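Step one of this worksheet: look at the structure below.
The values are calculated or read from the model by the stated rules, or taken from the named source; none is laboratory data. It should be emphasised that the depicted structure is a prediction, and the values quoted were computed from it without experimental measurement. For neighbour counting, all protein chains shown are included, and Cβ atoms are generated from backbone atoms with ideal geometry for every residue, glycine included. Note: accessible area is taken over every heavy atom of the protein model, side chains too, but ligands, DNA and RNA are not part of it. Shrake-Rupley method; radii C 1.70, N 1.55, O 1.52, S 1.80 Å.
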Amino acid sequence: MGIIIGIVILVLVVITIVFVNISPEFGGKQTAEHQRKHALSSHYQNGKFVNNGQVDLNMGLKDMGKSLVGYFNPPKGVVPNHPLAIETIHPSELIDYNGPTRLFWFGHSAFLLQIASKNILIDPMFGDVPAPHPWLGTKRFSGHLPIAIADLPTIDAVIISHDHYDHLDYGSILKLKDKVKAFYTPLGVGTHLEAWGVSKDKINELDWWEDIMFQDITLVCTPAQHFSGRGFNDKAKTLWSSWVIKSETDNIFFSGDSGYGSHFKAIGEAYGPFDFAMIECGQYNTLWHDIHMYPEETAQAAIDIKTQRVMPIHWGAFKLAMHEWTDPVERLTEAAKTTPFELITPLIGSPVILDKASKSSTHWWK
């Protein structure tokens, strides 16, 4: 019996090694040239990117075991008991739009932002499962997207916060790449895009606090407190970030994934106040609190960046933690009762016009 178990384990290990090395989902590898470029960053040490204050995620085997048990045998309420209702986006609504700034949420952290007559996708994870293989994750809560990728208009820019599977999806990039004019990523993430056939001249990589003009829109790569990696040996080899998106009329903040830290106040001081902010609020756990905020911290982060309106993101699409799926928005709704900002909670797929965002806000999850 021991021999049989050993053989089974060995076979599984070999299959895993082969899968990691030949599957395109794991993306590109950082070369020596990339590493020399990254070494110029003040938060790149010993071959890896680091958080401010050296905050890191070091999970022991015991904690990792707890996470895996919960992930594959979740408690009641972690996923909805039926597919979520969403609003359909008709292609004709998007073509040649030149009205006031608006956005459409696809669930989790994925958005289509229409600003200054441009179409910008943010963290366009449009796949069914946030994992390198369908067997390794739970399917999207809504069952389908508000609009098919093929029906999206030409995309002027894609902004990516980091390379985790729930933010950067191989299948989505393959379907999008030929209709996208430019990609903007933190340092190193462009390597994955190149490996998936995106032309190098379309990719713009930025370090924290670097800005770039995208026609008449200013994009700023700002700090986050998180980590990166798609395989077993590439943790922190690429950078993670939040983003500032500023047009002549609107100032928008997108948090990406982040634990709570002093960087929010620094961003508020440098680029605030903001008209609208999409801030992480979901998939938290005491085991990884340093790199994912609790909802009450989301409220404080919104105060720190000095934003007028806040939309909770990183919830409503996938199961990545063991809290009930509505817990993030319920807790933030309670915390927001005593804050100066307006909480915006639209239905997935519903258009949100920034200066009239409150009209799109409902308690749809109830």
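Residues to consider are Lys62, Lys118; find the one that is modelled with pLDDT under 95 and not aliphatic (A, V, I, L, M). Break it down into steps so the answer makes sense when it comes.
Details: Lys118 fails: modelled with pLDDT under 95.
Answer to the selection: Lys62.
Please give the number of the condition Ala357 fails out of (1) at pLDDT 95 or above; (2) touching a strand residue (DSSP E or B) at 6+ places or on another chain (Cβ under 6 Å); (3) under 30 Å from Pro91 (Cβ atoms).
Unmet for Ala357, out of (1) at pLDDT 95 or above; (2) touching a strand residue (DSSP E or B) at 6+ places or on another chain (Cβ under 6 Å); (3) under 30 Å from Pro91 (Cβ atoms): (1).
Is it the case that Gly143 is of a type in the set (Gly, Ala, Ser), on the phi > 0 side of the Ramachandran plot, touching a Pro at 6+ places or on another chain (Cβ under 6 Å) and assigned to a loop (DSSP other than H, G, I, E, B)? It would help to see each step written out before you state the result.
Values: of a type in the set (Gly, Ala, Ser): yes; on the phi > 0 side of the Ramachandran plot: yes; touching a Pro at 6+ places or on another chain (Cβ under 6 Å): yes; assigned to a loop (DSSP other than H, G, I, E, B): yes.
Considered against the rule, which asks whether it is of a type in the set (Gly, Ala, Ser), on the phi > 0 side of the Ramachandran plot, touching a Pro at 6+ places or on another chain (Cβ under 6 Å) and assigned to a loop (DSSP other than H, G, I, E, B), Gly143 comes out as yes.
Count, please, the residues in the range 188-219 that happen to be within 26 Å of Ser117 (Cβ to Cβ), assigned to a helix (DSSP H, G or I) and open to solvent by 10 Å² or more (accessible area, probe 1.4 Å).
Residues meeting the conditions: 2.
Starting from residues that are part of a helix (DSSP H, G or I) and not charged (D, E, K, R), keep the ones in the range 254-270 and report whichever is surrounded by the most Cβ atoms within 10 Å (Cβ to Cβ).
Taking the candidates together, the pick is Phe264.
Being assigned to a loop (DSSP other than H, G, I, E, B), open to solvent by less than 20 Å² (accessible area, probe 1.4 Å) and closer than 19 Å to His82 by Cβ is the filter here; which residues of the range 312-348 pass it? Show your work before the answer.
Let us first name the residues in the range 312-348 that are assigned to a loop (DSSP other than H, G, I, E, B), namely 314-326, 339-341, 344-348.
So of that shortlist, the ones also open to solvent by less than 20 Å² (accessible area, probe 1.4 Å) come out as 314-319, 321, 341, 344-346, 348.
Scanning the range 312-348 gives Trp315, Gly316, Ala317, Phe318, Lys319, Ile348.
Residue pairs, Cβ under 7 Å, 6 or more apart or interchain, first in the range 38-54 and more than 19 Å from Gly261 (Cα to Cα), second at pLDDT 95 or above and surrounded by 16 or more Cβ atoms within 10 Å (Cβ to Cβ). List them.
His38/Tyr44; His38/Leu187; His38/Gly188; Ser41/Leu187; Ser41/Asp207; Lys48/Ala236; Lys48/Lys237
Taking the range 87-97, which residues are open to solvent by 30 Å² or more (accessible area, probe 1.4 Å) and either closer than 13 Å to Phe318 by Cα or out of contact with any strand residue (DSSP E or B) (no Cβ under 6 Å at 6 or more places or on another chain) (or both)?
Looking only at the range 87-97, we keep the residues that are open to solvent by 30 Å² or more (accessible area, probe 1.4 Å), and these are 87-88, 90-93, 95-97.
Result: Glu87, Thr88, His90, Pro91, Ser92, Glu93, Ile95, Asp96.
Let's see how each residue does on (1) loosely packed, with under 13 Cβ neighbours inside 10 Å; (2) within 29 Å of Asp128 (Cβ to Cβ); (3) of a type in the set (Gly, Ala, Ser); (4) at pLDDT 90 or above:
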{"site": "Ile4", "(1), (2), (3), (4)": "yes, no, no, no"}
{"site": "Gly28", "(1), (2), (3), (4)": "no, yes, yes, yes"}
{"site": "His34", "(1), (2), (3), (4)": "no, no, no, yes"}
{"site": "Leu40", "(1), (2), (3), (4)": "yes, no, no, yes"}
{"site": "Asn52", "(1), (2), (3), (4)": "no, no, no, yes"}
{"site": "Asn73", "(1), (2), (3), (4)": "yes, yes, no, no"}
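Quick test for you: out of Gly171, Gly107, pick the one residue that is open to solvent by less than 10 Å² (accessible area, probe 1.4 Å) and modelled with pLDDT of 95 or more. Explain how you work it out, then say what you get.
Numbers: Gly171 fails: open to solvent by less than 10 Å² (accessible area, probe 1.4 Å).
From the options Gly171, Gly107, the qualifying one is Gly107.
Asp234 passes all but one of (1) at pLDDT below 95; (2) charged (D, E, K, R); (3) within 15 Å of Ala116 (Cα to Cα); which number fails?
Exception for Asp234: condition (3).
Could you run through the range 278-311 and say how many residues are in contact with a helix residue (DSSP H, G or I) (Cβ under 6 Å, 6 or more places away or on another chain) and either of a type in the set (A, V, I, L, M, F, W, C) or in a helix (DSSP H, G or I) (or both)?
Within the range 278-311, the subset in contact with a helix residue (DSSP H, G or I) (Cβ under 6 Å, 6 or more places away or on another chain) is 279, 281-282, 287, 295-296, 298-299, 301, 304-306, 309-310.
Then keep just the ones that are either of a type in the set (A, V, I, L, M, F, W, C) or in a helix (DSSP H, G or I) (or both); that gives 279, 281, 287, 295-296, 298-299, 301, 304-305, 310.
Number of matching residues: 11.
Report whether or not Leu84 is at pLDDT below 95, assigned to a loop (DSSP other than H, G, I, E, B) and surrounded by 14 or more Cβ atoms within 10 Å (Cβ to Cβ). Walk me through it before giving the result.
Numbers: at pLDDT below 95: no; assigned to a loop (DSSP other than H, G, I, E, B): yes; surrounded by 14 or more Cβ atoms within 10 Å (Cβ to Cβ): yes.
It is false that Leu84 is at pLDDT below 95, assigned to a loop (DSSP other than H, G, I, E, B) and surrounded by 14 or more Cβ atoms within 10 Å (Cβ to Cβ).
When only residues in the range 138-152 that are open to solvent by 20 Å² or more (accessible area, probe 1.4 Å) and of a type in the set (Gly, Ala, Ser) count, which is farthest from the chain's Cα centre (by Cα)?
Only one residue tops the list, namely Ala150.
Is it true that some residue in the range 234-246 is touching a residue at least 12 places away in the same chain (Cβ under 8 Å), open to solvent by 10 Å² or more (accessible area, probe 1.4 Å) and in contact with a helix residue (DSSP H, G or I) (Cβ under 7 Å, 6 or more places away or on another chain)?
No - not one qualifying residue is present in the range 234-246.
What is the one condition in (1) of a type in the set (S, T, N, Q); (2) assigned to a loop (DSSP other than H, G, I, E, B); (3) buried (at least 21 other Cβ atoms within 10 Å of the Cβ); (4) without any contact (Cβ under 8 Å) to a residue 60 or more places away in the chain that Thr185 does not satisfy?
Here Thr185 meets the rest and fails (2).
Any idea how many residues of the range 110-128 are open to solvent by 10 Å² or more (accessible area, probe 1.4 Å) and in contact with a Lys or Arg (Cβ under 6 Å, 6 or more places away or on another chain)?
Applying the first criterion (open to solvent by 10 Å² or more (accessible area, probe 1.4 Å)) to the range 110-128 yields 116-119, 126-128.
This time we only want the ones that are in contact with a Lys or Arg (Cβ under 6 Å, 6 or more places away or on another chain), so: 128.
So the answer is 1.
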